[in-house]
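The values are calculated or read from the model by the stated rules, or taken from the named source; none is laboratory data. Worth saying up front: this structure is predicted, and the values here are computed from it rather than measured. All Cβ positions, even for glycine, are placed from backbone atoms using ideal geometry, and neighbour counts span all protein chains on display. For the accessible areas, the whole protein counts, side chains as well, though only heavy atoms, and no ligand, DNA or RNA atoms are used. Shrake-Rupley method; radii C 1.70, N 1.55, O 1.52, S 1.80 Å.
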Amino acid sequence: MTDDDSTKGLPLTGIRVLELGSSVAAPYGAWIMGALGAEVIKVERPGPGDDARHWGPPFAHGTSTLFHTYNREKRSLVVDLKDAAEVEKLQTFIVENIDAVIQNLRPGVADRLGLGADKLLALSPRLVYCNIWAFGASGPMQSRPGYDPLMQAFGGIMSVNGAKGSTPARVGTSVVDKGTGMWCAIGILSMLQKRQHSGRGG
């Protein structure tokens, strides 16, 4: 986490992104935005915070080095999503201050909290909102959660990895999550660009 001015002058300086999620996919996508100069505000739950804080060893200053890697150039905001008053304050903060939201909560959770795309876009049409769900927004599996190893197996990556004659093996890094985060960042950048041109009457 950082609160210095090292991102001034970068392409996304002046853009505010709110990250609502944990683990790798949303944090990685939000980190790309932060590395390009956006101010990224990461929402974490009270107490343990993001699950990735505890994925180690190795640890640095009591926190997983993996967490430090994916959460550089960010500020942290602790919100109890089980507290309706805190959620309402977060909703207001997003509407009044945020340019883009990237979230990877379990399917349906953001909507139930009043922090889903339909609700927030109705309140702030200029907002860019990005959902990350394992199986997408439609289809018979849309409500199922997922994570990187499961998606490596489901998508077939594991079937072409590992030693000859061995059972399928996971790619060591979270390649699906990081690829997802990268494409989400590209999508958000595209929509921000479109919004900018629309504001110019283009």
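Observations
- Crossing angle, helix 25-35 versus the chain [Cα axis fit, 0-90 degrees, rounded to tens]: 50 degrees
- Protection proxy ranking for 144-151, 184-191, 13-20, using the average of other Cβ atoms within 10 Å per residue and placing the highest first: 13-20, 184-191, 144-151.
- Whole-number accessible area per residue in Å² for the chain, which is evaluated in the context of all protein chains at 1.4 Å: 55 Å²
- Placing R0 at 41 angstrom, the Cβ-Cβ distance between Thr92 and Ser138 gives a FRET efficiency of 0.85 after rounding to 0.05.
- Gaussian network model of the chain, Cα within-10 Å springs - most flexible of Trp133, Trp183, Trp31: Trp183
- Nonlocal amide H pairs with Leu77, under 5 Å, H built at 1.01 Å: Lys42, Val43, Glu44
- Max mean-square fluctuation residue, GNM over the chain, Cα-Cα springs under 10 Å, options Gly155, Gly172, Gly34: Gly172
- Sorted peptide list for 175-182, 105-112, 38-45, criterion being average Cβ within 10 angstrom, highest first: 38-45, 175-182, 105-112
- In sequence order, region 48-62 has phi-based couplings of x, x, 4, 3, 5, 4, 10, 8, x, x, x, 10, 9, 6, x Hz under the Karplus curve 6.51 cos²θ - 1.76 cosθ + 1.60, θ = phi - 60°, and Gly or Pro positions carry x.
- Alpha-carbon centroid distance for the pair region 20-53 / region 133-202, whole angstrom: 16 Å
- Structure-derived Kirkwood radius over Cα pairs in Å - corresponding label in [x] 17.9; [y] 18.8; [z] 17.4: [x]
- Taking a straight line from the alpha carbon of Lys74, these lysines sit under 19 Å away, with near neighbours fewer than eight places off in the same chain left out: Lys8, Lys42, Lys178.
- Computed E for Ala163/Ala60 - FRET, C-beta separation, R0 35 angstrom, nearest 0.05: 0.60
- Angle in degrees between helix 175-199 and the longest Cα principal axis of the chain, rounded to the nearest 10: 20 degrees
- Springs between Cα atoms under 10 Å define the GNM used for the chain, and in it the highest mean-square fluctuation of Asn97, Asn131, Asn161 occurs at Asn161.
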